[in-house]
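The values are calculated or read from the model by the stated rules, or taken from the named source; none is laboratory data. As the structure is a prediction and not an experimental result, all values here were calculated from the model. Cβ placement follows ideal geometry from the backbone for every residue including glycine, while neighbour counts extend to all protein chains displayed.
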Amino acid sequence: MEMGANVKTVAEYCDPGFSPQLQELLTEALDKLQKTSIRGYTVASVLLITETFIQGLSNLAERLIELTESDALLFGHYYDKRRSDKPYAQGRLTVIGRTKIEGTNLSQLFEVYGGGGHAQAASLMLRNVEPQAQLEQLLQEFIVQIPHPLTARDLMSSPVRTIRPETTIEQAQRVLFRYGHSGLSVVDENDVLVGIISRRDLDLALHHGFSHAPVKGYMTRRLKTITPDTLLPEIESIMVTYDVGRLPVVKEDKLLGIVTRTDLLRQIHQDREGKRDENGHKIDAISCLLPSIRNRLSPPIWKLLQFAAQEAEKRGWHLYIVGGAVRDLLLSETEDILLLQDIDLVVDGFHRSADVGAGVELASTLQETFPNARLSVHGEFQTAALLWHKDPQLGSLWVDIATSRTEFYPYPAANPEVEASSIRQDLYRRDFTINALAVRLTPPREGELLDFFGGMLDLRSRKIRVLHANSFIEDPTRIYRAVRFAVRLKFEIEPQTEVYINYAIESGIYEKLRIENHIAPALTTRLKSELKYILQANYWKPALKLLADLDALHCLHSKLVLDDILWWQIRYVSRWLNYLDPDNKLEHWLIRLEVIISQLDITEGSKVALNLQLPKDSFERLKLLPKIELEVNQKLGQCDKLSQIVQVLRPYKLPNLILVAVRSSSEIRRTIWQYLTKWSNINAPLNGNDLKSMGYQPGPQYKIILDQLLSATLDGKINNKKEAEKLVKKMMNN
């Protein structure tokens, strides 16, 4: 082996000669061999009994599995010198296992009994056991390991995009463009499948000038179809034999879904080859994540997910945990409990005739069992959310439950048009590969990781990779999400993804849409949310710098640039806020955003604030900032007493003064700082109660007196209560 020998090649070409004894045993084994078909696989077993130990049984097992064309074999050999009257007292059972079935592991099975080997070949030896019963027990335990084979129901996309035979070539071509399909199913008025038309068929018709001709003249009528229970190997055979790229899934003349060549290739590649890293080394597949999820989540959250999966299974639906929770679970390097506050669940049930309200139905069922949760339903697509706020067991938890769907953007930065679809299409509509991961929570194959876009590879290489070339044109908030994930996770934005970002920004599409007021309200809401995520996070500085490096502030306005002055202002404001407002009552992220927007003139800045739907106070601050800034600078320049400075600044609120200070000269800035940290805290020696005790009746004069006392105190004219009382008497006498 050190010299480069390959065991697989040796086994293929070397024929170990069988001794006469082994040849006799081979004949006997072939005669006694028991075969059973399990989930599409052939599993064989045989027990041979001799009086002595036989050498070379492993070679015999290899020959048996080849001759019988079995997918797995458990070969048992029992010998007993028969020196005891007690049955099996001296006997020894040797079991040799061989398997070609992906997902089975003989080493794991045999280790429990003290055996060993590797996943495909292992052996064990037992004493004092009843051989036939023991072999049967091992066989049953092995059968449990055999994975359920994939069927068309598991592979298909649903619902199917269909058209009528009378649909024109031009109309069909627009449908293909909208949904990115390579072919369309054609159904009659009873929704019975009558044909399929491919992109090539449409291109050919358009080339010959038949854009207004109906598709029925160009569609394929001789169709190969499959049922929901057709196994993957049979699907593969049909596609190869008849050279078809898509197979409709039909049951009782009803079109349930479609399996494409891409679906098949992706699954075969995942099953047979596994995944490889950037150096070409094979990565072990993660076949079942449920034990890891169970161990990493708090018991109450795990109980919630289990119950949700059981309820989905009762209705014939599949349930998946998707997105960030899966990503964070796979990224976490510790064994500590993962503190999840946001979980996304997706119900995939359209192959079971579920409707768009499946997510809401499941959420309502969960609330009945967990009444502490607040249920809200939002959006045209009926997405449901369950919220627990400081629950004794679940803590603060947000669970989104949606039905699997696909989306289409009719124009850049528009609200997407959403339609029901499969889990594959649901993952395909997401932003980045690391967020397009899902784990199945329902049987069969519960715990299976769905990774159709290389998300695991990007997690390992720590890269942010976008799914689609036009992703940033359709939704600019994805640029901000890319930056947020890159900085928070300490990932890099993959070079091609950065090219797509640059192209989207340089195209000027966002500015054009902003000017034409075509940016959808939902998009501005998402954009504000992304800005809030970034500007309130402890990593806001590197995130904002990365946004600037990508020129991503142009998504807000083409003239917004993070130059040295603006960068200094934002950091300076942050230091002031941390000192003056340690409890974050002013929402520091919002003040930072106001500093950025304030670089624009009042008209353009107001438009940006309005587009982002900023709070009324924020909008008013930006609108009045130039006026307040001018007033403060002019009046402070005329003050020669401390009381005058306080009188100028006292009418303005803290956030207004902070914004003015950061935009003013160092002298004005020092004055405002002194006012905020020292002078605004100075009080007159007397208050209203003191005036009342001196015998003066409450009235408008109180305010005049107290203001005069404060001014006198600030200017050093009085220093104590006695001097203040003397001044009050003098004022009242006048």
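If I filter the range 660-681 down to residues being loosely packed, with under 13 Cβ neighbours inside 10 Å and not in a helix (DSSP H, G or I), which single residue comes out as farthest from the chain's Cα centre (by Cα)? Break it down stepwise before answering.
Looking only at the range 660-681, we keep the residues that are loosely packed, with under 13 Cβ neighbours inside 10 Å, and these are 665-667, 670, 677-678, 681.
Applying the additional criterion that residues be not in a helix (DSSP H, G or I) yields 665, 678.
Values: S665: 47, K678: 49 Å.
Per the stated criteria, the residue is K678.
Out of (1) in contact with a helix residue (DSSP H, G or I) (Cβ under 7 Å, 6 or more places away or on another chain); (2) part of a loop (DSSP other than H, G, I, E, B); (3) not assigned by TED's automatic domain parsing to the domain that holds L329, what's the single condition that is false for F453?
(3)
Residues being part of a helix (DSSP H, G or I), among the acidic types (D, E) and free of Cβ contacts under 8 Å to residues at least 24 places away in the same chain: count how many of those fall in the range 204-257.
So the answer is 1.
Can you name every residue in the range 326-359 that is among the hydrophobic types (A, V, I, L, M, F, W, C) and either modelled with pLDDT under 90 or surrounded by fewer than 22 Cβ atoms within 10 Å (Cβ to Cβ) (or both)?
L329, L330, L331, I337, L338, L339, L340, F350, A354, V356, A358
When the residues of the range 370-386 are filtered to those that are out of contact with any helix residue (DSSP H, G or I) (no Cβ under 6 Å at 6 or more places or on another chain) and surrounded by fewer than 16 Cβ atoms within 10 Å (Cβ to Cβ), which remaining residue is modelled with the lowest pLDDT?
Only one residue tops the list, namely E380.
Check whether at least one residue in the range 501-511 is modelled with pLDDT under 85, of a type in the set (D, E, K, R) and not in a strand (DSSP E or B), and report yes or no.
The answer is yes; a qualifying residue exists.
Is it the case, given these coordinates, that L657 is in contact with a Gly (Cβ under 6 Å, 6 or more places away or on another chain) and either in a helix (DSSP H, G or I) or under 30 Å from L527 (Cβ atoms) (or both)?
Criteria not met by L657.
Could you say whether any residue in the range 685-697 is at pLDDT below 90, among the hydrophobic types (A, V, I, L, M, F, W, C) and either within 20 Å of L580 (Cβ to Cβ) or not in a loop (DSSP other than H, G, I, E, B) (or both)?
Yes, the range 685-697 contains at least one residue that is at pLDDT below 90, among the hydrophobic types (A, V, I, L, M, F, W, C) and either within 20 Å of L580 (Cβ to Cβ) or not in a loop (DSSP other than H, G, I, E, B) (or both).
Got at least one residue in the range 197-204 being at pLDDT below 90, surrounded by 14 or more Cβ atoms within 10 Å (Cβ to Cβ) and within 36 Å of the chain's Cα centre (by Cα)?
So far as the range 197-204 goes, yes, one or more of its residues are at pLDDT below 90, surrounded by 14 or more Cβ atoms within 10 Å (Cβ to Cβ) and within 36 Å of the chain's Cα centre (by Cα).
So, L74, is that one part of a helix (DSSP H, G or I) and either at pLDDT 85 or above or within 17 Å of I146 (Cα to Cα) (or both) or not?
no
Identify the residue in the range 475-498 that is of a type in the set (D, E, K, R) and in contact with a helix residue (DSSP H, G or I) (Cβ under 9 Å, 6 or more places away or on another chain) and, among all such residues, is nearest to H269 (Cα to Cα). Reasoning before the result, please.
Step one: filter the range 475-498 for residues of a type in the set (D, E, K, R), giving 475, 478, 481, 484, 488, 490, 492, 494, 498.
Then drop every residue that is not in contact with a helix residue (DSSP H, G or I) (Cβ under 9 Å, 6 or more places away or on another chain), which leaves 475, 478, 481, 484, 488, 492, 494, 498.
Working: D475: 32, R478: 30, R481: 30, R484: 32, R488: 32, E492: 27, E494: 24, E498: 28 Å.
Result: E494.
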